[in-house]
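A.B. asks: Can you read through this structure? Questions will come right after.
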Amino acid sequence: MVRFVIVRHGLSIYNKERKFTGQSDIPLDEIGFEQAKNTAEYILNNYKIDKVYSSDLIRAVETARPIAEALNLPIITDSELREINAGCWQDMYIEDIKKEYYDDFYKWATDVGNARCGDGESSAELNVRAKRVFEKLALENEGKTVLVATHGGLIRAIRCVWLNIPLDEMKNVKHVSNASVTVADFDNETKTATMPLIGFDTHLEDKVTEFAVVV
């Protein structure tokens, strides 16, 4: 059994500006850094972390850093933990995507499980990547509790995989909030997981932020 303590990155500059980030390497903003500190305090008080993994994108690394530094652990980065590749939508304002790619964006906003993110990855492809990377990390860490700092899209994807939510129903799975904590206990033998905590953000108090893509 492996316990994953999964953290969505804190509020980024693009989240605040209402831009579609995808795999663009955008840092946290001031609130995001505060969220990362609050989440580190919560995790350090409630979990014994053995290893720290992160997406290689800076907003995830910056979110993992306070925990890694407190424990004197290295941050092991993995590009497979990145957000969805949004292709031509990356770096664009949401409102501009609505205008220039209305049909594709409408499909994304209303039926995300069966849609493709611009000319980048589809949700189906993201689910496959999420499953692959978490199973790899699980095999490397049997019996351990590991922190994984990653992104909203990947967290939604792995929730669908582990909770057997079909692509048709993915639209009903909300993104967890920035710097929230999701916990999963993964069984390496059965390749199944239970999720005792999803999107916990009470520790953030008045700093809870969400980033939803709507039509």
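A.B. asks: Give the residue, chosen from Asp185, Asp119, that is among the acidic types (Asp, Glu) and in contact with a Lys or Arg (Cβ under 6 Å, 6 or more places away or on another chain).
C.D. replies: Result: Asp185 is the single residue among Asp185, Asp119 that is among the acidic types (Asp, Glu) and in contact with a Lys or Arg (Cβ under 6 Å, 6 or more places away or on another chain).
A.B. asks: Scanning for something at positive phi and open to solvent by 70 Å² or more (accessible area, probe 1.4 Å), does segment 88-97 turn up at least one residue? Please lay out each step first, then the result.
C.D. replies: Residues of segment 88-97 at positive phi: 91.
Restricting the remaining residues to those that are open to solvent by 70 Å² or more (accessible area, probe 1.4 Å) gives 91.
Yes.
A.B. asks: Considering only residues that are assigned to a loop (DSSP other than H, G, I, E, B) and within 18 Å of the chain's Cα centre (by Cα), look in segment 203-215 and name the one that is surrounded by the fewest Cβ atoms within 10 Å (Cβ to Cβ).
C.D. replies: Only one residue tops the list, namely Ala212.
A.B. asks: A follow-up question, please. Among Lys37, Lys16, which is more than 29 Å from Thr192 (Cα to Cα), modelled with pLDDT under 95 and out of contact with any Cys (no Cβ under 9 Å at 6 or more places or on another chain)? Break it down into steps so the answer makes sense when it comes.
C.D. replies: Details: Lys37 fails: modelled with pLDDT under 95.
Matching residue, one of Lys37, Lys16: Lys16.
A.B. asks: Cβ-Cβ distance below 9 Å, separation of 6 or more or different chains: which pairs start in segment 134-145 with a residue that is within 12 Å of Asp50 (Cα to Cα) and in contact (Cβ under 8 Å) with a residue 40 or more places away in the chain and end on one that is open to solvent by 30 Å² or more (accessible area, probe 1.4 Å) and among the hydrophobic types (A, V, I, L, M, F, W, C)?
C.D. replies: Sorted first by the residue in segment 134-145, then by its partner, the pairs are Glu142/Met1; Gly143/Met1.
A.B. asks: Now, a different point. Restricting attention to segment 1-23, report how many residues are of a type outside the set (Val, Ile, Thr), surrounded by 19 or more Cβ atoms within 10 Å (Cβ to Cβ) and not in a strand (DSSP E or B).
C.D. replies: The total comes to 8.
A.B. asks: Out of curiosity, is Ser122 buried (at least 21 other Cβ atoms within 10 Å of the Cβ), at pLDDT 95 or above and not hydrophobic (A, V, I, L, M, F, W, C)?
C.D. replies: Criteria not met by Ser122.
A.B. asks: A further question follows. Pick from Arg129, Arg116, Arg159: which is at negative phi and open to solvent by 80 Å² or more (accessible area, probe 1.4 Å)?
C.D. replies: Exactly one of Arg129, Arg116, Arg159 is at negative phi and open to solvent by 80 Å² or more (accessible area, probe 1.4 Å), namely Arg116.
A.B. asks: Looking at segment 24-39, which of the residues that are over 11 Å from Arg59 (Cβ atoms) and of a type in the set (Asp, Glu) is most open to solvent (accessible area, probe 1.4 Å)?
C.D. replies: Checking each candidate, the answer is Glu30.
A.B. asks: A further question on this structure: Could you count how many residues in segment 43-57 are open to solvent by 20 Å² or more (accessible area, probe 1.4 Å), in contact with a strand residue (DSSP E or B) (Cβ under 8 Å, 6 or more places away or on another chain) and either of a type in the set (Ser, Thr, Tyr) or part of a helix (DSSP H, G or I) (or both)?
C.D. replies: Just the residues of segment 43-57 that are open to solvent by 20 Å² or more (accessible area, probe 1.4 Å), to begin with: 44-48, 50-51, 56.
Next cut, in contact with a strand residue (DSSP E or B) (Cβ under 8 Å, 6 or more places away or on another chain) only: 47-48, 50-51, 56.
Pick out the ones that are also either of a type in the set (Ser, Thr, Tyr) or part of a helix (DSSP H, G or I) (or both) and you get 47.
Of the residues in that region, 1 qualify.
A.B. asks: I need the full set of residues from segment 169-202 which are touching a residue at least 60 places away in the same chain (Cβ under 8 Å), buried (at least 19 other Cβ atoms within 10 Å of the Cβ), outside any strand (DSSP E or B) and over 13 Å from the mean Cα position of the chain (by Cα), in order please.
C.D. replies: none
A.B. asks: Separate question: Count, please, the residues in segment 61-86 that happen to be surrounded by fewer than 18 Cβ atoms within 10 Å (Cβ to Cβ) and either without any contact (Cβ under 8 Å) to a residue 24 or more places away in the chain or of a type in the set (D, E, K, R) (or both).
C.D. replies: 5
The values are calculated or read from the model by the stated rules, or taken from the named source; none is laboratory data. Bear in mind the structure is a predicted one, so any value in this text is a computation, not a measurement. Please note: Cβ atoms are built from the backbone with ideal geometry, for glycine as well, and neighbour counts cover all protein chains shown. In case anyone asks, the SASA skips ligands and DNA or RNA and just uses the protein heavy atoms, side chains included. Shrake-Rupley method; radii C 1.70, N 1.55, O 1.52, S 1.80 Å.
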